[in-house]
Amino acid sequence: MPDQFGRVARDLRVSVTDRCNLRCTYCMPAEGLPWLAKPEMLTDEELLRIVGVFVGLGVRQVRLTGGEPLLRRSIVDVVAGIAALEPRPQIAMTTNGVGLERVAGRLADAGLDRVNVSLDTIDAETFTQLTRRDRLTDVEKGMAAAAEAGLTPVKVNAVAMRGVNDEAVADVLAWCLDRGYELRFIEQMPLDAQHAWDRESMVSAEEVRERLSERYTLTPLSSGERGSAPAERFLVDGGPATVGIIASVSEPFCAACDRTRLTADGQVRNCLFSEVETDLRGPLREGASDEELAGLIQGEMWRKKRGHGIGDPGFRQPDRPMSSIGG
Ligand code: SAM
Ligand code: SF4
């Protein structure tokens, strides 16, 4: 599934729901968003059929995300359905960890390979301020359950926010190192539903690196060891533990991007920041064949732009927020 610039999409991100049980300030307004109605969402059968078409087109890793993927009641069945595809793709999930304790074992049994849990702070008060929910303990238990279930290495995604958690990034790293979790910081992107992002107050990857370096010695891993992964990874105090710092805004990795995305309502997107998308749900419900669906997906990927263009004069934040695209 190549695009005009020779990139090949092998990593599919599937948003299985746009709903969420947290309200992270960089993602959603306090009151939530107008959620998709059930008939607008792909059924399990539809979702699995489309993922199968992507696999036929060369996708080798499927990441389930949202919204909060654990809020989809059938999530274990969805994982099992993807694990039954031929060739079986790697299956990962990005979750906020709330509710993971209860379901981690069943997800692993169904075929989930790995999880990324989003955790921006280990301070209970800051967590409640940032997510607008008092659920830190649930997240911690969820992460422990994931490790116990063998969903390893448990990776942790963190966003640093100025004046909120940016001064305590080294505490999050210390906490993750103690537990054997692999931490990655991601620059805050203009994908919040409120359109409140601004470049000036964004905490850059460079700043995170400087803060971490006040406590730890970070040694960059060579790009060969990184592959197409966007995270710049560093050995912490000589290793073997590592930390990732993803400069998605300040040093975009678009040239090596191998991602494609499917929303919960059946739209293919070639980029987080794309202003357009291709509908698969309509054609699928009208009886399109797998070949026809594959053609629509290929067409969408072919028009993928060279880069996300944040910072370019004509840049416009997409209408869909991160929670509805699938982060
Ligand atoms: N609810 C799940 C979670 O939080 O892990 C999955 C969906 S969430 C949209 C996926 C990831 O996107 C999370 O790691 C979250 O921190 C990140 N995210 C959300 N809004 C973001 C933004 N504006 N900039 C950068 N990352 C963001
Ligand atoms: Fe929910 Fe994830 Fe967005 Fe936070 S980042 S509000 S957990 S979808």
Query raised in the report: Does D77 satisfy being at pLDDT 95 or above and under 20 Å from V159 (Cβ atoms)?
Result: no
Query raised in the report: Got a number for residues in region 113-133 being open to solvent by 10 Å² or more (accessible area, probe 1.4 Å) and closer than 30 Å to L57 by Cα?
Result: 3
Query - Boolean, V236 is among the β-branched types (V, I, T), within 22 Å of D120 (Cβ to Cβ), more than 16 Å from ligand 1 (Cβ to nearest atom) and touching a residue at least 40 places away in the same chain (Cβ under 8 Å) - result: yes
Report task. Among the candidates R281, R303, R320, single out the residue that is modelled with pLDDT of 95 or more and open to solvent by 10 Å² or more (accessible area, probe 1.4 Å). Result -> R281
Query raised in the report: Wholly within region 131-225, which strands (runs of 3 or more DSSP E) include no fewer than the required count, namely at least 1 residues that are under 27 Å from A30 (Cα atoms)?
Result: 155-159, 182-186
Report summary line: Expected single match for in contact with a strand residue (DSSP E or B) (Cβ under 7 Å, 6 or more places away or on another chain), open to solvent by less than 70 Å² (accessible area, probe 1.4 Å) and hydrophobic (A, V, I, L, M, F, W, C) among I325, I310 is I325
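Rundown of residues vs (1) open to solvent by 10 Å² or more (accessible area, probe 1.4 Å); (2) within 16 Å of ligand 2 (Cβ to nearest atom); (3) of a type in the set (F, W, Y), yes/no style:
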residue: I82; (1), (2), (3): no, no, no
residue: M93; (1), (2), (3): no, yes, no
residue: G97; (1), (2), (3): no, yes, no
residue: A104; (1), (2), (3): no, no, no
residue: T137; (1), (2), (3): yes, yes, no
residue: A144; (1), (2), (3): yes, no, no
residue: T152; (1), (2), (3): yes, no, no
Requested in this report: Could you please let me know if V51 is closer than 19 Å to L272 by Cα, open to solvent by less than 10 Å² (accessible area, probe 1.4 Å) and not in a helix (DSSP H, G or I)?
Outcome: no
Report summary line: Within region 261-276, restricting to residues that are in contact (Cβ under 8 Å) with a residue 40 or more places away in the chain and more than 22 Å from V159 (Cα to Cα), the one that is most open to solvent (accessible area, probe 1.4 Å) is E275
**Report entry** Members of region 1-36 that are outside any strand (DSSP E or B) and among the acidic types (D, E)
**Finding:** D3, D18, E31
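The values are calculated or read from the model by the stated rules, or taken from the named source; none is laboratory data. Just so you know, these numbers come straight off a predicted model, no measurement behind them. A quick note on method: Cβ atoms are made from the backbone with ideal geometry, for glycine too, and the neighbour counts reach across all protein chains shown. Side chains included, ligands, DNA and RNA excluded: accessible areas come from the protein's heavy atoms. Shrake-Rupley method; radii C 1.70, N 1.55, O 1.52, S 1.80 Å.
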